[in-house]
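Take a look at the structure set out below.
The values are calculated or read from the model by the stated rules, or taken from the named source; none is laboratory data. No experiment lies behind these values; they were computed from the predicted model shown. Neighbour counts run over all protein chains shown; Cβ positions are idealised from the backbone, glycine included. Accessible surface areas use protein heavy atoms only, side chains included; no ligands, DNA or RNA. Shrake-Rupley method; radii C 1.70, N 1.55, O 1.52, S 1.80 Å.
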Amino acid sequence: LPFAKDPKNTFFHYFNHGWVSFATGQYVQSLSPMTFGERDPIAEERFRILRTGSEDEKEKVKAIKRLEKYLVNVYVIDDPTNPDNNGKVKMLRYGKQVHKIIMEAIEGEDAEEFGPRIFDLGANGVSFKIKCENQGEYPTYVSSRFTSAGKLNLSDDEQKKIYDSVFDLTKVYTLKSYDDLKQMLDEHFYVKDTKSETEMKNDSYDSAPIPTFTKQVDSVKVESSIDYDI
């Protein structure tokens with residue numbers, strides 16, 4: 001579905017860092033500022049280690065995964081695994097493989113056949129059929145395709161209601177500051193105690209040792225609203 005208020009945000013292209021915390025054993029992740037062309041301390045540290053770090057550091061930093069993803073609004077026609085989603089506007093999160101198929105339909109070799117029809121909820125529109133298959137140990141979506149089957153018969157009012165129900169994809173994730181991301185790296189990769197000196201003084205009693213602390217960082221604002229992740 002197009003984002004009529006700002007068509008350039010119909011697709012939200014973003015980068016994400018994630019790894020299993022060396023402090024808590026839980027998965028932590030964050031939206032990368034590289035999404036908006038800004039500095040990212042996690043990416044900078046990863047690059048530094050891969051370039052000049054020790055072999056042990058290079059092995060450890062492999063734990064940090066940099067994922068490239070996309071978000072788009074979709075109108076669900078038929079969801080066999082969760083029929084309650086049928087007839088609703090949902091968010092679909094997907095990777096480069098599916099994005100290539102979509103871009104081919106919009107402006108590539110298949111544009112003459114599909115083009116703007118992929119955004120059309122009327123009789124001239126087409127549907128996107130997602131097909132997941134296993135290729136060795138990994139899923140593949142190369143057989144996914146646009147099809148004219150199952151055309152919708154919606155009135156103009158029904159179409160307008162659907163188009164007006166789309167989510168602003170730029171507001172789904174919370175972008176952390178440079179300092180917050182550096183703290184996340186210190187806590188969950190280097191397992192450092194990041195308390196300020198003031199906090200440490202307040203926590204100390206006579207000669208009792210100052211306890212360390214960790215916390216789970218969750219950068220996703222409305223993760224539960226993303227119903228499809230492929």
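Values for this structure:
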{"item": "Out of Val142, Val166, sole residue that is of a type in the set (Val, Ile, Thr) and open to solvent by less than 60 Å² (accessible area, probe 1.4 Å)", "result": "Val166"}
{"item": "Members of region 88-124 found to be surrounded by 13 or more Cβ atoms within 10 Å (Cβ to Cβ) and in a loop (DSSP other than H, G, I, E, B), listed by number", "result": "Lys88, Gly95, Gly108, Asp110, Ala111, Phe114, Asp120, Leu121, Gly122"}
{"item": "Checking Ala208 against (1) modelled with pLDDT of 95 or more; (2) of a type in the set (A, V, I, L, M); (3) loosely packed, with under 13 Cβ neighbours inside 10 Å, the condition it does not meet", "result": "(1)"}
{"item": "Considering residues of region 7-32 that are closer than 23 Å to Lys96 by Cβ and part of a loop (DSSP other than H, G, I, E, B) only, the residue nearest to the chain's Cα centre (by Cα)", "result": "Ser32"}
{"item": "Positions within region 78-87 being open to solvent by 40 Å² or more (accessible area, probe 1.4 Å) and of a type in the set (D, E, K, R), in sequence order", "result": "Asp78, Asp84"}
{"item": "Selection status of Phe47, touching a residue at least 60 places away in the same chain (Cβ under 8 Å), out of contact with any strand residue (DSSP E or B) (no Cβ under 9 Å at 6 or more places or on another chain) and either among the aromatic types (Phe, Trp, Tyr) or open to solvent by less than 40 Å² (accessible area, probe 1.4 Å) (or both)", "result": "no"}
{"item": "Identity of the residue in region 52-77, outside any loop (DSSP other than H, G, I, E, B) and of a type in the set (A, V, I, L, M), that ends up most open to solvent (accessible area, probe 1.4 Å)", "result": "Leu67"}
